[in-house]
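A.B. asks: Would you mind keeping the following structure in view while I ask a few things?
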Amino acid sequence: MTWDELFDKFTQSRRLAAETLRGYRWNIQSFLDFSEVPTPLEVTSAHLSAFFASQKRTVSAATAGARLRTLLVLFRWAVRQELLAFDPGHDLKIPKPRRPIPRILTRLEVDSLLAAPWENPQEFMAARDAAILEVLYGNGLRAGELVALDLDKVDLADQSLAVIGGKGKPRRTPFGDSVARALLIYLDHRPERAQALEKAFFVSRYGYRMTAKHIADLVARYAKPLGLVGASAHGLRRALATHLLE
């Protein structure tokens, strides 16, 4: 069995978001670039241990662990499906890095971040970026969920979004008037950039669907001049949850 065959069977058996699948494939390719093991059948625990050690020299322990974890999940699944007779990662354990408690943005900080895009002199960018930040905070969407939104998944009359979650589970989430206003302004400008037949609700400056990295860069671009610590797509999601509890 080849690596492509194994990965195809794995992805077909699970409902995973497109961003998650890209991450899995990238991690597996990183392992192949390092180990050059021809087929999954030839992988040993020594290969996996050496890969983890090499990653720790170039990235954080958390990132190295996440890359190795992809392989462990894949092999564990393959053994359960009787595609492999032996799990090379059976005896490996990934040390859990100590995570600092994340800082939560205050209401005033969120307000300043939501207002920042309107200072952008490019009207399309200002309208799009403001709408994106409003949705991230107002609906608590993950970056992957936001970029996966299609035009027909945004109901302005009902003020709701049809969202596909991280594991492929659909849900409908309502939005308030401030989000609705931002979306309407963006939609007035969307035709300026959107390519013909592009289904994505949010498009890049070149008119195509954005990626999660675009969203990360966008939030950072507006947060940095404001000196906001903890500002990210997930940071806005955490802030929303905290502010709702308050």
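The values are calculated or read from the model by the stated rules, or taken from the named source; none is laboratory data. Predicted model only: the values in this text are computed from it and were never measured. Ideal geometry is used to build each Cβ from the backbone, glycine not excepted, and the neighbour counts take in all protein chains shown. Calculation scope for accessible area: heavy atoms of the full protein, side chains included, ligands and nucleic acids excluded. Shrake-Rupley method; radii C 1.70, N 1.55, O 1.52, S 1.80 Å.
A.B. asks: Roughly how far apart, in whole Å, are the Cα centres of segment 131-161 and segment 10-52?
C.D. replies: 32
A.B. asks: Here's another thing I want to ask about it. Mind pulling the angle between the C-alpha long axis of helix 45-56 and the longest principal axis of the chain? Nearest 10 degrees, somewhere in 0 to 90.
C.D. replies: That works out to roughly 40 degrees.
A.B. asks: Rank P121, P174, P88 by mean-square fluctuation in a GNM of the chain with C-alpha springs under 10 angstrom and give only the top-ranked residue.
C.D. replies: Its mean-square fluctuation being the largest, the pick is P121.
A.B. asks: Let me ask something else. Say a site is exposed when it is one of the trypsin sites (Lys or Arg not before Pro), sits in a DSSP loop, and has at most 14 other Cβ atoms within 10 Å; what is then the longest site-free stretch of the chain?
C.D. replies: Result, exposed sites excluded: 104-166.
A.B. asks: Sticking with this one: Relative to the compact-globule scaling 2.2 N^0.38 Å, provide the ratio for the alpha-carbon radius of gyration of segment 105-246.
C.D. replies: 0.97
A.B. asks: Sticking with this structure for a sec: What 222 nm value per residue comes from the helices of the chain, counting each DSSP H run with n ≥ 4 as -39,500 (n - 2.57) and dividing by all residues, nearest 500 deg cm²/dmol?
C.D. replies: The helix-only estimate for the chain comes to -17000 deg cm²/dmol at 222 nm.
A.B. asks: Among the lysines, select those whose C-alpha is under 28 Å from the C-alpha of K93, and discard any that sit fewer than 8 residues away in the same chain.
C.D. replies: Cross-link targets: K9, K56, K167.
A.B. asks: When the Cα atoms of the chain are enclosed in a convex hull and the volume is divided per residue, what value in Å³ results?
C.D. replies: Considering the Cα atoms of the chain, their hull volume per residue is 161 Å³.
A.B. asks: What's the angle, to the nearest 10 degrees (0 to 90), between helix 18-35's Cα axis and the longest principal axis of the chain?
C.D. replies: Orientation of helix 18-35: about 40 degrees from the principal axis.
A.B. asks: In whole percent, how big is the carbon plus sulfur part of the accessible area of the chain, probe 1.4 Å, protein atoms only?
C.D. replies: Ligands and nucleic acids excluded, carbon and sulfur reach 54 percent.
A.B. asks: Here is a follow-up. Given a 1.4 Å probe and heavy atoms of the protein chains only, how would you sort D158, D87, D129, largest accessible area at the top?
C.D. replies: Solvent-accessible surface, decreasing: D158, D87, D129.
A.B. asks: Work out how much length E192 to A53 would gain on full extension: take 0.36 nm times their residue separation and subtract the Cα-Cα distance, in nm to one decimal.
C.D. replies: Separation in residues times 0.36 nm, less the Cα-Cα distance, equals 45.2 nm.
A.B. asks: Based on the Cβ-Cβ distance from R107 to A180, what FRET efficiency comes out when R0 is 30 Å, to the nearest 0.05?
C.D. replies: 0.90
A.B. asks: Further question on the same structure: Each label point is 7 Å from the Cα along the Cα-to-Cβ direction; what then is the distance between the points at H90 and L41, in nm?
C.D. replies: Computed distance between label sites H90 and L41 equals 1.8 nm.
A.B. asks: May I ask you to give the solvent-accessible area per residue for the chain, in square angstrom, as obtained with a 1.4 angstrom probe?
C.D. replies: Dividing the accessible area of the chain by its residue count gives 57 Å².
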